[in-house]
Structures are given as structure tokens and as C-alpha cells.
Amino acid sequence: MPVEYGGYLPDDRRGAPGGPSGGLRRRQVATRLVFLVVGFALAAWGPLVPFARARAGLSSGGLGLLLLCLGLGSVVGMPLAARLLARVGCRRVLLVACALLCLMLPGLALASTAATLAACLLLFGAAMGAMDCVINVQAVAVEHESARPMMSGFHGMFSVGTLLGAAGASGGLGLGLSPAAISAAVVACVGGTTALAAGGLLGPQDAISPPPRQAGARRLVLPHGVVLLAGAMCCVAFLVEGAVLDWSAVFLSTARHLPPARAGAGYVAFCAMMVAGRLSGDAIVRRMGDAWVIGMGAACAATGLALVVMVAAPWVAFGGLALMGAGCANIVPVLYGAMGRQRVMPVAAAVSGVTIMGYAGILVGPALIGMVAQYSSLSVAFMMLAALLALVGMGARAVTGPRARGS
């Protein structure tokens, strides 16, 4: 399968109308498996955080600063992986990143000093960032070859992986397993699943020489044009997702006076609808189109957030968070798919740039919301997010329309 995943994806390289070949089907399955693995590994780390904090003797502030190492490592790993893709292919980059991730997981479970934990988090983040970048590039190439929307389903597998990872790690701890035992089980699952997927990952032989206008494609290229706009929209989407994760339970317990045990149900409703939305997203995209999905998704998410803030009834807040999950579900997958059709930047560089800008939303978002809440209120911070979502909806056609593809 000749696919220019290091350069541009040409319009005449589409899948056969009669259905996927055996090779294409293998690549589709491999892409789903790696998305599952990335979500599983990331979520499995979450329940181990309190144990790492206790071993290293960290305060809440110290832990918050240390967790930034995870994001910083990801920001380093993404562009590095993007630069290596055209040279060695998705398979090698992803397998090396997976090996690094598997080496770091036991370190996260055993580290007893802040310095050791910081080093492990940096390398773990770099591995996660590299895998995230590579599998999104592979997903763009596979979706292009398949000639039908698949990105929402791929990202749906990531969401399924997060649910399985969090549930598995929490369940294991509940059964009395140690963090070291949990990490060993996660390494076995991640390594085994990635090995199964390896045959369907793109290698260097799957690429062809980039067109002449791509002679400088391997140089560092900063996001610009439609890629910069898509990155800003992805940043808002990730910022909103992070806000729901970090602040929804706080809002429900303080502003709506729910007990903490019930306040967490709001995030569960958000996640459940996000998984359902992503698993059904490809069919919706085929029927309604990219611009409609982004625009309507942003409108639903903004409306849900407004309901959470403006209506005092707890059941309305839960419904609003569920509506947010459904709305946010397919914004990011559709943006990634659009990066495979734009002509402003090479695909690997575009995907890497959009992912880095999205991660910036995750890194800066919680602190930004906290600052706004400190000087005004959490309700004001949430309404600011609703306004940003409205701007995302307004940019939908600019990112997905014919001018974006032909720039």
C-alpha cells in the first residue's frame, strides 16, 4: 500500500469499492488495537498516582508540578516521532515507543523519590506522545485508503481503552494487588497487544518518494494556515475535556451541593456518551459530513455546559454533562481526518502539530480554569469554555471545506 504518510495523501489513492482487501483489513485492525493500547496504558496509570505520591512524599502542589512532566515529555516525543516517520515508518517508531513505555511503567510503580518519578514521567510521556502521534498518522493513512470515515471509530477504541485501563487497575487494587503487580499486568497487556498489531503497522516500504514540492518536508515545520486553525480548535476541545475531568465533580459538589460520592457520576455520564458518540461517529460523519459534525458537536457541548451552569437541578447537570460528552466525542477525530486531506503541510507534521496544540490545552487548561475561578467563579470559567466552543463551531467549514483541502 503506497501511502505518503510522511508527505501528502494523493486523492487518487483510494480503497477499492468492492470492500477492504486482506492487507487493508489487517491495517484497520492494527490501528484499532494500538488506539486501544494507548488509552489503556494512559488510564491504568491514573489509579496508581496516589501510591506514587505517598512513596515520594509529595504535597498536592508538588504532585501537580511533577505531573507536568508527563505533558512535557509528550510534547517532546510527538515532533521527534513525526520526523522519524518518513525515514523508518510507523511500525519501528511505534514499537520503540511501546518498548520505552513498557520499561517506564514499572518505574512509575516503584519510584520512591521525586527525581526518579520525574524522570520516569518524562520518558513515559515521551513514549505516549510518540505513540499518539504515530497512530494518528497511521489512522489518517488507513482512513484515506479505506475511502470512508473511520477516525471516530479509531478514537472510540482509545476511549474504550481508557475505560478498560481505569477499571482494570482500580479493580486490581481493590482485590489487593500491589502497584508493581498492576504495572506488570499492564505491561503484559500492552506489549502483547502491540505485538499482535505489529504486522498491520506501516513500514518504510509502504511510503513512496514525496512529490518535488515536499523536498523540505523533513525539516521542522510550524503549524500554519488551516493546520493552525485545526490545532486551535483541537486545543479548545482538549481543554474542555480536561475541564470536565478536573473540575466537574468540584462544581457539582460546591455549587450544586452534591456529596462527593455522587458528584463523580457527572464525569461518568460524560465519558459514557463520549464512547457511544465515537463508536457511532463514523456513520454520522458519512451521513452528515465533517462540517456538520464539528458544528453541531460544538453547539451541543456548549449547550450542555450552559445547562450545567445555569440550571440548579442536579439531574439537569448530569444531562448537560452527558450532552457535552456526545458533542465533544467527534470533534477531535474529524479534525484529525481533515489533516489527511489538507495540502498546507505534510500529514505527519500536520498531525504532530495539531496533537501538540491539543496537549497544550490539557496542560494549560486546568490551571487557567483555576485562576479564573479564583478571581471570579467556576461558573464564569465554564461559560468562557462555552464561548470557546461556539468559536470552534464557527470554524468548522473553514477546516473541512474545499478551500482547506486545496490550499
(request) Considering every residue within the range 347-366, establish whether at least one is out of contact with any helix residue (DSSP H, G or I) (no Cβ under 7 Å at 6 or more places or on another chain) and within 16 Å of residue 308 (Cα to Cα). (result) no
(message) Checking residue 401 against (1) within 27 Å of residue 276 (Cα to Cα); (2) within 20 Å of the chain's Cα centre (by Cα); (3) at pLDDT below 90: exactly one of these is not met. Which one?
(response) (2)
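Quick grid of which residues meet (1) surrounded by fewer than 18 Cβ atoms within 10 Å (Cβ to Cβ); (2) at positive phi; (3) at pLDDT 90 or above; (4) not assigned by TED's automatic domain parsing to the domain that holds residue 272:
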| residue | (1), (2), (3), (4) |
| --- | --- |
| 113 | yes, no, yes, yes |
| 130 | no, no, yes, yes |
| 155 | no, no, yes, yes |
| 171 | yes, no, no, yes |
| 199 | yes, no, yes, yes |
(request) For residue 100, indicate whether it is in contact (Cβ under 8 Å) with a residue 40 or more places away in the chain and either surrounded by fewer than 24 Cβ atoms within 10 Å (Cβ to Cβ) or touching a helix residue (DSSP H, G or I) at 6+ places or on another chain (Cβ under 8 Å) (or both). (result) no
(message) So for the range 333-350 (the condition being outside the structural domain of residue 83 (by TED's automatic domain parsing), aliphatic (A, V, I, L, M) and surrounded by fewer than 17 Cβ atoms within 10 Å (Cβ to Cβ)), does at least one residue qualify?
(response) no
(request) Take the range 259-270 and flag every residue that is of a type in the set (A, V, I, L, M, F, W, C) and at pLDDT below 85. (result) 261, 263, 265, 268
(message) If I filter the range 158-184 down to residues being among the small types (Gly, Ala, Ser) and not in a helix (DSSP H, G or I), which single residue comes out as nearest to residue 45 (Cα to Cα)?
(response) 178
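Residue by residue, here is whether (1) free of Cβ contacts under 8 Å to residues at least 12 places away in the same chain; (2) surrounded by fewer than 22 Cβ atoms within 10 Å (Cβ to Cβ) holds:
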| site | (1), (2) |
| --- | --- |
| 147 | no, yes |
| 152 | no, no |
| 168 | no, yes |
| 175 | yes, yes |
| 193 | no, yes |
| 202 | no, no |
(message) I'm told residue 192 meets every condition in (1) assigned to a loop (DSSP other than H, G, I, E, B); (2) of a type outside the set (Phe, Trp, Tyr); (3) at pLDDT 90 or above except one. Can you identify the failing condition by its number?
(response) (1)
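One line per residue, one yes/no per condition, for (1) acidic (Asp, Glu); (2) closer than 18 Å to residue 359 by Cβ; (3) not in a helix (DSSP H, G or I):
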residue: 50; (1), (2), (3): no, no, no
residue: 88; (1), (2), (3): no, no, no
residue: 97; (1), (2), (3): no, yes, no
residue: 129; (1), (2), (3): no, yes, no
residue: 136; (1), (2), (3): no, yes, no
residue: 143; (1), (2), (3): yes, no, no
residue: 156; (1), (2), (3): no, no, no
(request) Kindly indicate whether any position in the range 280-294 is in a helix (DSSP H, G or I), in contact with a Ser or Thr (Cβ under 9 Å, 6 or more places away or on another chain), acidic (Asp, Glu) and more than 19 Å from residue 236 (Cβ to Cβ). (result) yes
(message) Can you pull out every residue in the range 76-94 that is surrounded by 18 or more Cβ atoms within 10 Å (Cβ to Cβ) and among the aliphatic types (A, V, I, L, M)?
(response) 78, 81, 82, 84, 85, 86, 93, 94
(request) Mind telling me which of the residues 117, 63 ends up being modelled with pLDDT under 85 and either assigned by TED's automatic domain parsing to the domain that holds residue 235 or assigned to a helix (DSSP H, G or I) (or both)? (result) 63
(request) Check 55, 27, 32 and return the single one that is over 22 Å from the mean Cα position of the chain (by Cα), outside any loop (DSSP other than H, G, I, E, B) and modelled with pLDDT of 85 or more. (result) 55
(message) residue 359 - would you say it is aromatic (Phe, Trp, Tyr), at pLDDT 90 or above and on the phi < 0 side of the Ramachandran plot?
(response) no
(request) For residue 257, work out the one condition from (1) in a helix (DSSP H, G or I); (2) over 20 Å from residue 385 (Cα atoms) it doesn't fulfil. (result) (1)
(request) Under 9 Å between Cβ atoms, at least 6 apart or on separate chains: pull out the pairs that start in the range 338-351 with a residue that is closer than 17 Å to residue 396 by Cα and part of a helix (DSSP H, G or I) and end on any residue that is among the acidic types (Asp, Glu) and at pLDDT 85 or above. (result) 338/290
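The values are calculated or read from the model by the stated rules, or taken from the named source; none is laboratory data. Small disclaimer: the values here were computed from a predicted structure and weren't measured. Cβ coordinates were reconstructed from backbone atoms using ideal geometry, including for glycine residues, and neighbour counts include every protein chain displayed.
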